[in-house]
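No lab work stands behind these numbers, since they all come straight from the coordinates. This structure is a prediction, so every number in the text was calculated from the model and none was measured. Cβ coordinates were reconstructed from backbone atoms using ideal geometry, including for glycine residues, and neighbour counts include every protein chain displayed.
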Amino acid sequence: MIPNWMQNSPTPFSSILVANRGEIAVRIIHAAKEAGLRGIAVYSDSDINSLHAEIADESIHLPGKTLSETYLNIEAIISAAKSSGAEAVHPGYGFLSERANFARKVSDAGLVWIGPSPESIEVMGDKISARKKMIDFGVPIIPGEELVITNSQNYMEPLAAAAARVGYPLLLKASAGGGGKGMRAVYEPKLLKNQYEAASREAAAAFGDGTVYVERLLSKSRHIEIQVLCDKHGNSIHLNERDCSLQRRHQKVIEETPCLILSDELRQSMGKSAIIAAKSVNYIGAGTVEFLLSTKGEFFFLEMNTRLQVEHPITELVTGIDIVQKQFEIAAGMELGIIQEEININGHSIEARIYAENPSNGFLPATGILSKWDTPSSPGVRIDSGFREGDKITVDFDPMLAKLIVHSSSREAAIRRLDTALSDFIALGVITNIGFLKDVINDNAFSNGMVTTDFLDNAPDELFSEAAIDPSHLIAIASSAQKLGLDKINYDQKNYVLSDDYNGHGSDPFRTLSRNFP
Amino acid sequence: MEWSIGDDEKRYTTDMVDVGGNLEMTFLKSDEEIISIPNISISRDSKSDRLWINIMGKSQLAHVVKVKDSWWIHLNGRIHVVKSHEIGSAKSKHNEGSLVAPMPGTIIEILVKEGQKVRQGQTLMVMEAMKMEHKIQSPKDGEVSLISNKVGQRVDMGAILVEITE
């Protein structure tokens, strides 16, 4: 059934298939249910008991062992949409979200595509054509050149020549890369060969395309991105910036909005450029235009992500706009119904990404079972996660366990709120970066708002080591837990222990417990 | 039972004695050296995955869970791992020359052969996990005496990858 709010729209739909997994599938399925739409999940063998499949109104199994047989399988996902009676498809982020071919096939199958046109995805998905477009429309770009390497035998000569023209230090990027994959910094010519090989191998493994782009590396810059929303009626607005400068190997770790050092003038100027970038490809839906902001206050177009971003929640908290709901409305052909002047900045929001990884061991991914998973909950704290207690963390997928998002009246208050929430985040059984995140946000560079994209590369080793604690406290706890046999108590016995001092008023919630109050 | 904390190999022994239902720490030793300790006692909680630690009259709640040989502890906003060992068991599982997989993943490239001389810091193989590459580098100068895997093979964390002899 078409929900009331969508009744009069040009392309209404009553159900959405989410072609994704993990926290973003959970987020979108929740949003669909809230909007009165049926949320349909797809899942592979390893996700058979996962949260996104559990909460969906219907879940379709994708047979096969590899990603290309499951979450990257366009035919299987479209046939899942057909068989479940889905009328729209939301791709989430990653996986097929930026495959023009997928967008095209979804539309060809008579389904509503919740995203931009295949043409927009194509232009922005290729760094070279995106760059050309930006030049044509007057959006500033970083110096760099494309390198099409077809003959793997003789790539060093043209590569070295292009690198010399662009200038060191430089960045090698796989044209079809993203999310830090297939991207390498090269500081001097002698490292070029090795880094190129690693970048092209990584890109081939992750995206099936080895073409490389050579670009000047701007040091001490910030990664500032602008969220845009464009409807099918020609209305476009931006929802201000996100500062995502705190990165590890080009992977975002902490994001915040607003950016401490951005003047309102610069904000409006970047916002305008972002809208021009979106309009240059007739963009429809929610998208993000990423810029590098130099120390001199110049900004350069990096790329446009033609999909929902991982860090979209901080924008939602500060602007009060539900971006996923807006995606639904735009896909249904409705007008934005909001103008630029109505977009406010209410307080400050920060997101910390909780990863299963070991900061004191080079951020190597960690695996295991989330034996205890108790996430913080208090005013101004939001958790977006696809996991729950007892879930197994494997190497099959990205190591992000959760997004911890806080909102408060000021940046200082938001940092304190995040610090407290990280302290209350109980994740046992899998090594996480929680302690590291605490150290980072308590570092002077972060509290002063001075973090640039190279911060973690140059940070002192202490930042990555475990916090010191009196060993006697930990040994006392472990030794006592062992002595008391806490590991041997199963769930039945647990309940027994509980009911022991709970004198049997279980069925009557209004009776007080038989306790001696002081 | 001996204990170690996190990646630190230092071993501790202790005894917790039942005093009126609480457990009190009587001593803490590391390598036969007595470590001075404050008054520490541990009391139970109504939930079996929590304990109270009382230090000098101040109480704090600790969340605990055992996974294999380790107790995972959430205390005072931080997460710690305390490993249990049989008394006198070897400190390190492997001899110094073996390189173990620092993470579970797939071997995507092997750059050396058995019998080859390598320098400290030289990349021996490349592993991939969660779509990211990690280089396995030689910790010292020496000769490759063993390569345990082939390209494309999936290995568990801690699996021996290469052995280097001086």
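Tabulated data
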{"read-out": "Protection proxy ranking of A:60-68, B:44-52, A:269-277, B:32-40 - average other beta-carbon atoms within 10 Å, highest first", "value": "A:269-277, B:44-52, A:60-68, B:32-40"}
{"read-out": "Among B:102-109, A:105-112, A:38-45, the order from most to least packed when residues are scored by Cβ within 10 Å on average", "value": "A:38-45, B:102-109, A:105-112"}
{"read-out": "Unit charges on C-beta of K, R, D, E only; dipole of region A:218-346, Debye", "value": "540 debye"}
{"read-out": "Label-to-label distance, nm, for residues given as A:ARG388 and A:SER83 (7 Å Cα→Cβ offset)", "value": "2.5 nm"}
{"read-out": "Burial order of peptide ranges A:226-233, B:157-164, B:73-80 (average beta-carbon count within 10 Å, highest first)", "value": "A:226-233, B:73-80, B:157-164"}
{"read-out": "Average Cα contact separation per residue, region B:2-85, under 8 Å, 6 or more apart, as relative contact order %", "value": "23 percent"}
{"read-out": "Difference of contour (0.36 nm per residue) and Cα-Cα distance, B:ASP69 to B:VAL19", "value": "15.3 nm"}
{"read-out": "Efficiency of FRET from Cβ geometry, A:LYS33 and A:GLU335, R₀ 35 Å, rounded to 0.05", "value": "0.90"}
{"read-out": "Other protein chain Cβ atoms within 10 Å, averaged over every residue that makes up A:355-365", "value": "4"}
{"read-out": "Anisotropy class of the protein assembly as shown from Cα gyration tensor, a/c 1.5 cut", "value": "oblate"}
{"read-out": "Where a label projected 7 Å from the Cα of A:ASP396 along Cα→Cβ would reach, residues of region A:358-381 with amide N under 19 Å", "value": "A:365-371"}
{"read-out": "Average partner coverage of A:421-432, which counts Cβ from other chains inside 10 Å", "value": "4"}
{"read-out": "Cβ-based net charge around B:ASP18, under 14 Å, with every Lys or Arg adding one and every Asp or Glu removing one", "value": "0"}
{"read-out": "Efficiency of FRET from Cβ geometry, A:MET1 and A:LEU260, R₀ 51 Å, rounded to 0.05", "value": "0.65"}
{"read-out": "Within region B:137-166, trypsin sites (Lys or Arg not before Pro) in DSSP loop having at most 10 other beta-carbon neighbours inside 10 Å", "value": "B:LYS150"}
{"read-out": "Linear extension gain, A:SER107 paired with A:ALA160, 0.36 nm per residue minus alpha-carbon span", "value": "14.8 nm"}
{"read-out": "CD proxy at 222 nm, helix term only [per DSSP H run n ≥ 4: -39500 (n - 2.57); per residue of the protein assembly as shown; nearest 500]", "value": "-7500 deg cm²/dmol"}
{"read-out": "Label point distance in nm, B:GLU166-B:ILE35, each placed 7 Å from Cα along Cα→Cβ", "value": "3.0 nm"}
{"read-out": "Size of electric dipole in region A:350-440: Cβ of Lys, Arg +1 and of Asp, Glu -1, about Cα centre, debye, nearest 20", "value": "180 debye"}
{"read-out": "For B:28-40, mean number of other protein chain Cβ atoms within 10 Å", "value": "2"}
{"read-out": "R0 of 51 Å, Cβ-Cβ distance B:THR106-A:ILE469: FRET efficiency to nearest 0.05", "value": "0.90"}
{"read-out": "Residue order, fewest to most beta carbons within 10 Å, for A:ARG382, A:ARG248", "value": "A:ARG382, A:ARG248"}
{"read-out": "Virtual spin-label span in nm between B:GLN116 and A:LEU191, 7 Å along Cα→Cβ", "value": "2.2 nm"}
{"read-out": "Contact order relative to length of region A:4-114, as percent, for alpha carbon pairs under 8 angstrom and 6 or more apart", "value": "28 percent"}
{"read-out": "Taking chain A and dividing mean pair separation by its residue count, relative contact order in percent (alpha carbons under 8 Å, at least six apart)", "value": "13 percent"}
